[in-house]
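Okay, structure first, notes after.
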Amino acid sequence: MKTAFLLFFFFVISLFVRSSHGAAFLPLKFTAKFTQEYKSVVTGKVKKGHGYFDYQFPGMLRFEMYKPSPLIFITKANQNWYYRPPFVDGELGEVRKNVSGGQAISKFFDALSEGLENNKYYKISKKEKNNIKITFNKASSEELGIKEAVLVFNSKVHAFTKLKSINLDYLDGKKNKIIFDKISLVDNFSRLNFIFKENNPPKIRTN
């Protein structure tokens, strides 16, 4: 009973600390349907991917792509799993564990828990009616591999659920645009949502 009380106490304190720093911008849990745009290294043409991702603070992300090529990527704490299902049912899919840089996106969202003010991870280098530009400091930039991010909103209200897109500029010169088709707040995820089992790979959502 005492242990349970202490865990609840520290959880409440963590919520208070987040809100006291103006950090209510980032929901503790959300799910999003998205379109991703990125430039092909081979052809230089803009390519698109479509999928979903679930996020839970801190550090848990489930990234699913259903088009053009199905894949799923799960991060939890300091572990991550990459899975690409087989082309033929009954065969084994491709599994990779602890891919280098696999925590970048989950840590990016973790950093956003600091809110839309200057903080220990980044400074707000530009704030306009419908967009906010974030510039990461050297330490955070090297950890994430991300130099800058532009948050674009579909209204004057800078609420997370009003995000239209996020433009990411990476240290290696690559650019990635995440366009949100829908963002929904979540009360609770399944306890298996951020767990990967090789003998029972997760199913990928489709459109």
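Read-outs: derived from the displayed coordinates by stated rules, not from any lab. Treat the numbers as computed from the prediction; the structure is a model and nothing was measured. All Cβ positions, even for glycine, are placed from backbone atoms using ideal geometry, and neighbour counts span all protein chains on display.
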If I ask for residues that are outside any strand (DSSP E or B) and small (Gly, Ala, Ser), which ones from the range 105-159 would you list? Ser106, Ala111, Ser113, Gly115, Ala139, Ser140, Ser141, Gly145, Ser155, Ala159
Among residues of the range 162-179, those that are under 18 Å from Ser113 (Cβ atoms) and within 14 Å of the chain's Cα centre (by Cα), counted: 4
Condition first: in contact with a Leu (Cβ under 6 Å, 6 or more places away or on another chain) and among the hydrophobic types (A, V, I, L, M, F, W, C). Can you find one or more residues in the range 57-72 that meet it? yes
Residues satisfying the stated conditions in the range 40-76, i.e. assigned to a strand (DSSP E or B) and hydrophobic (A, V, I, L, M, F, W, C): Val46, Phe53, Met60, Leu61, Phe63, Met65, Leu71, Ile72, Phe73, Ile74
Can you tell me which residues in the range 89-104 are part of a loop (DSSP other than H, G, I, E, B) and free of Cβ contacts under 8 Å to residues at least 40 places away in the same chain? Asp89, Gly90, Glu91, Leu92, Asn98, Val99, Ser100, Gly102
Can you confirm whether Glu94 is surrounded by fewer than 12 Cβ atoms within 10 Å (Cβ to Cβ), of a type in the set (D, E, K, R), in contact with a strand residue (DSSP E or B) (Cβ under 6 Å, 6 or more places away or on another chain) and within 26 Å of Ile204 (Cβ to Cβ)? yes
